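The values are calculated or read from the model by the stated rules, or taken from the named source; none is laboratory data. Keep in mind it's a predicted model, so treat the numbers as computed, not measured. Cβ: placed from backbone, ideal geometry, glycine included. Neighbour counts: every protein chain shown. Ligands, DNA and RNA are excluded from the accessible area calculation, which covers all protein heavy atoms including side chains. Shrake-Rupley method; radii C 1.70, N 1.55, O 1.52, S 1.80 Å.
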Amino acid sequence: MSGQALFLTVALLVCAAECRLVQAWKKSYVVYLGAHAYGPDASVEDHARATESHYELLRSVLGSKQMAKDAIFYSYTRNINGFAAYLDHEIATRMARHPEVVTVMESKMLKLHTTRSWDFMDMERDGHILPDSIWKHAKFGQNVIIANLDSGVWPESHSFSDEGMDEVPKRWKGSCTDSVKYGVPCNKKLIGAKFFNRDMLLSNPAAVDGNWTRDTEGHGTHTLSTAGGRFVPRASLFGYANGTAKGGAPRARVAAYKVCWSGECATADVLAGFESAVHDGADVISVSFGQDAPLADANSFFHEPVTLGSLHATIHGVAVVCSAGNSGPFEDTVVNAAPWVTTVAASTVDRDFPNQITLGNSAQMKGMSLESSDLHSDKLFPVINASSAALPNCTANLATNCAMGCLDSGKVKGKIVVCVRGGDIPRVMKGMAVLSAGGVGMILANGEMDGDDVEADPHVLPATMITYSEAVSLYKYMASSSEPMANISPSKTELGVKNSPSMAAFSSRGPSGTLPFMLKPDIAAPGVDILAAFTQYVSPTEVSADKRRSEYAIMSGTSMACPHVSGVVALLKAARPEWSPAAMRSAIMTTARTQDNTGAPMREQDGKEATAFAYGAGNVHPNRAVDPGLVYDITPNDYFTFLCSLGFTTKDLSRLSAGKFACPAKPPPMEDLNYPSIVVPALRHTMTLKRKLRNVGQSGTYRASWRAPFGINMTVDPTVLVFQKAGEEKEFNVTVASQKDKLGRGYVFGKLVWSDGIHYVRSPVVVNALD
């Protein structure tokens with residue numbers, strides 16, 4: 001090789017290395033500019049001009065229009081004004097200082113918040129639809145359109161059959177855009193399917209499984225069918241939860257927007273999904289994902305795509321329902337806490353899948369499982385702790401968690417193995433590790449942090465999961481016996497479980513550190529062991545080594561609770577089309593239940609009494625929500641005023657509203673937003689809050705009753721509201737005052753109820769008295 005050739009080769013290698021280094025420093029950013037001046041009927045030319053303005057704006061910083069075009073991978077031109085671009089930090093910082101820019105947000109990864117339930121909510125009884133069911137009032141959600149932002153859809157599922165359905169509503173602008181083999185086709189039930197992966201391809205390309213809307217994870221199919229799936233008889237998971245699978249609004253139309261890939265959802269893709277769903281004509285948007293942790297404060301509001309996308313949806317009259325997160329039972333973990341979304345916590349239903357462990361000393365303990373294999377009830381098997389069966393190449397910790405390839409078959413063969421939950425190893429995979437080592441059964445034991453939170457899983461061998469307290473008893477027995485023995489019975493489906501619903505331990509709790517002035521979550525709904533449609537791409541266990549397939553799967557999470565409420569909102573949209581998203585949320589919240597099926601207050605899974613920080617206004621009661629009597633309504637301008645109270649400027653709000661709104665000279669207190677719940681996060685002596693109720697029923701006289709939070713004096717003025725006609729509005733004040741000898745107890749809980757003798761309009765009252 002000549003000297004010149006060697007020089008060129010070295011130069012190219014250096015250049016390539018430097019180019020990769022420069023590329024590595026680039027990230028995806030969303031440059032948010034507010035709202036467009038034009039409306040939903042804007043022309044193609046309007047959209048083109050908006051895109052051109054985005055190129056010009058970025059050109060003014062980059063210095064080259066071609067570089068701007070190359071950098072921008074989404075131009076938001078419909079209801080959100082802004083663009084997503086691949087930029088280095090310096091350029092993003094300069095863009096943030098540009099006078100036309102509201103904010104610049106770096107792309108982050110949001111996480112997925114991974115039949116009997118409708119019966120349990122009194123919409124049916126033993127398979128028969130009740131006379132006062134909201135299903136009848138709403139014609140099963142006929143022609144309402146539910147958009148699901150998630151991991152896509154498995155279109156072959158019977159839950160999305162269009163048999164007997166009328167033509168697609170003419171107002172629908174969406175379509176199925178997949179052009180690849182095995183893409184998702186449209187029908188008269190599944191009327192839209194789009195994918196958004198440009199941000200993910202830049203941020204984590206390995207996560208993208210293809211340019212299609214097909215669901216390869218199962219999460220999106222499960223949530224969409226829960227919200228709006230058809231009636232499908234004889235649905236089950238390997239014979240469990242056998243019955244008719246159904247969505248909340250079975251005659252609604254549904255559309256899938258695949259914005260999540262391999263369990264993560266990138267910021268710019270999420271915003272693109274929101275914009276498309278609103279433009280296409282969705283009535284309800286269901287979102288079962290969110291950030292790992294709450295936003296630091298309200299100043300970060302527009303650095304999070306669900307908050308921003310849902311605001312634009314709400315401004316356009318589209319209701320947005322979100323999962324609260326799965327970081328419970330700890331307080332201040334709730335996410336998706338903006339006041340314009342309905343935030344949903346997870347509760348249990350009155351169905352369990354119990355089995356029984358019988359020990360060698362005849363003691364018995366209850367477990368939970370979806371595995372029906374029999375270990376021969378007349379025989380006991382040796383029990384071994386997984387930590388005592390570690391192979392030399394594995395640590396005791398890995399063996400304790402039953403990592404694959406870490407168990408000594410010589411010690412495990414023919415025995416029941418006790419594995420500890422956790423260790424970032426899927427629960428079903430632990431059972432596979434035991435089976436591959438020759439074990440005959442598995443007991444999956446909770447640690448202290450897991451407490452009483454147990455999950456029913458479709459294991460591959462006789463297995464069960466037990467609570468921490470049961471685990472402690474098991475360990476004591478094993479330590480006391482030289483030859484511990486046990487048997488695991490097959491599990492069964494048990495209905496009518498008492499003290500249901502209770503709050504799922506995993507469900508995220510308030511108070512909201514981001515917005516302490518709002519009670520979040522808003523409502524609780526079934527989210528534990530929910531049967532719904534699933535993908536055929538992977539096993540219901542989502543373990544690659546598990547080759548079993550099922551059209552339906554049982555899953556748990558606030559992801560499963562969220563679409564229950566999305567389905568109810570769709571029914572309300574069909575029954576009361578004139579209601580705003582806020583009115584529908586109010587109807588759901590003020591008619592909720594706070595008692596279980598024994599009449600006792602709702603409890604946590606550990607038996608302690610739950611509070612409004614766990615369940616919000618209570619557990620959803622759909623039949624009551626269609627006729628709440630009164631509602632607390634909120635307009636887009638009310639939300640804008642609230643943002644002014646938070647500290648956003650008139651300049652910010654002018655861009656958000658396309659120049660149609662300016663902040664008042666003295667914004668009202670944030671506590672005065674006309675929300676169905678009342679929260680005073682920092683009471684000093686006394687405070688008066690304002691609320692306004694609208695009559696959505698017959699004329700009537702409503703009287704106030706209340707239970708003041710402990711240590712708080714509470715008054716309502718006036719105590720009587722007389723409504724002469726539907727649509728009439730009345731204002732009232734609530735005054736709370738601290739009792740000096742009862743300070744320092746933290747948050748305390750009460751309630752306010754307005755009733756005409758038929759309707760009971762209930763609001764939780766939460767106060768933290770400081771002085």
- Residue span residue 713 to residue 657: 0.36 nm per residue of separation minus Cα-Cα distance leaves a gain in nm of 16.2 nm
- Which chymotrypsin sites (Phe, Trp or Tyr not before Pro) does region 672-720 hold that lie in a coil by DSSP with at most 13 other beta carbons within 10 Å? 710
- Task: For an R0 of 45 angstrom, estimate the FRET efficiency from the Cβ-Cβ distance between residue 492 and residue 397 and round to the nearest 0.05.
- Result: 0.85
- Message: How much of the DSSP bridge set in the chain is antiparallel, in percent, rounded to the nearest 5?
- Response: 65 percent
- Set of lysines near residue 69 by C-alpha distance (under 21 Å), chain-local residues within fewer than 8 positions excluded: 26, 27
- Show which lysines lie in cross-link reach of residue 411 when reach means a straight Cα distance below 30 angstrom and same-chain residues fewer than eight apart are skipped. 366, 379, 430, 476, 547
- Task: Just tell me which aspartates and glutamates come within less than 19 Å, Cα to Cα, of residue 742; anything on the same chain fewer than 8 places away is out.
- Result: 771
- Message: As an exercise, use a Förster radius of 41 Å and the Cβ-Cβ distance of residue 424 and residue 165 to find the FRET efficiency, rounded to the nearest 0.05.
- Response: 0.40
- Message: Placing unit charges on C-beta atoms (Lys and Arg positive, Asp and Glu negative, everything else neutral), compute the dipole magnitude of the chain about its Cα centre in debye, rounded to 20.
- Response: 700 debye
- Task: Go through region 284-297 residue by residue and turn each phi into a ³J(HN,Hα) via Karplus (6.51, -1.76, 1.60, θ = phi - 60°); whole Hz please, and just put x for glycine and proline.
- Result: 9, 10, 9, 10, 9, 8, x, 6, 5, 9, x, 4, 4, 6
- Item | Semi-axis lengths, Å, region 536-663, gyration tensor of Cα atoms, sqrt of 5 times eigenvalues | 35, 24, 17
- Item | region 308-341 and region 46-61: distance between their alpha carbon centers, rounded to Å | 31 Å
- Query: Using just the C-alpha positions of the chain as equal point scatterers, what log10 of I(q)/I(0) does the Debye formula give at each q in 0.05, 0.07, 0.11 1/Å?
  - Reply: -0.28, -0.54, -1.22
- At 1.4 Å probe size, with no ligands or nucleic acids counted, give the accessible surface of residue 202 in Å², nearest ten. 70 Å²
- Query: Where in region 182-279 are there trypsin sites (Lys or Arg not before Pro) that are in a DSSP coil and have at most 11 other Cβ atoms within 10 angstrom of their Cβ?
  - Reply: none
- Item | Projected area, mean over directions - region 574-618, Cα convex hull, nm² | 4.1 nm²
- Any idea of residue 286's accessible area? Nearest 10 Å², probe 1.4 Å. 0 Å²
- Task: Could you pull the Cα extents of region 439-502 along its three principal axes, largest to smallest, in whole Å?
- Result: 41, 26, 18
- Fully extended, how many nm does the chain gain between residue 650 and residue 703 (0.36 nm per residue separation, minus their Cα-Cα distance)? 15.2 nm
- Residue order for 457, 756 - accessible surface, 1.4 angstrom probe, largest first: 756, 457
- Note on the structure: Between residue 618 and residues 5 or more places away or on another chain, the pairs with built amide H atoms under 5 Å apart involve 524
- Listed residue pairs exceeding 21 Å between alpha carbons, taken from 692/740; 139/170; 498/608: 692/740
- Query: Calculated from DSSP H runs of 4 or more alone, at -39500 (n - 2.57) each and per residue, what is the 222 nm mean residue ellipticity of the chain, nearest 500?
  - Reply: -7500 deg cm²/dmol
- What net charge is computed for the residues neighbouring residue 763, neighbours being all others with C-beta under 9 Å from the C-beta of residue 763, Lys and Arg scored +1, Asp and Glu -1? +3
- Task: Any chance you could look up the accessible area of residue 153 with a 1.4 Å probe, heavy atoms only, rounded to 10 Å²?
- Result: 0 Å²
- Task: Provide the per-residue ³J(HN,Hα) series for region 652-657, in order, calculated from phi with Karplus coefficients 6.51, -1.76, 1.60 and θ = phi - 60°, each as a whole number of Hz, with x at glycine and proline positions.
- Result: 4, 6, 5, 6, 4, 9
- Accessible area of region 260-407 divided out per residue, in Å², using a probe of 1.4 angstrom: 29 Å²
- Query: Residue by residue through region 554-568, which ³J(HN,Hα) values in whole Hz follow from phi under the Karplus form 6.51 cos²θ - 1.76 cosθ + 1.60 (θ = phi - 60°), with glycine and proline marked x?
  - Reply: 9, 10, 10, x, 5, 4, 7, 6, 3, x, 4, 6, 4, x, 5
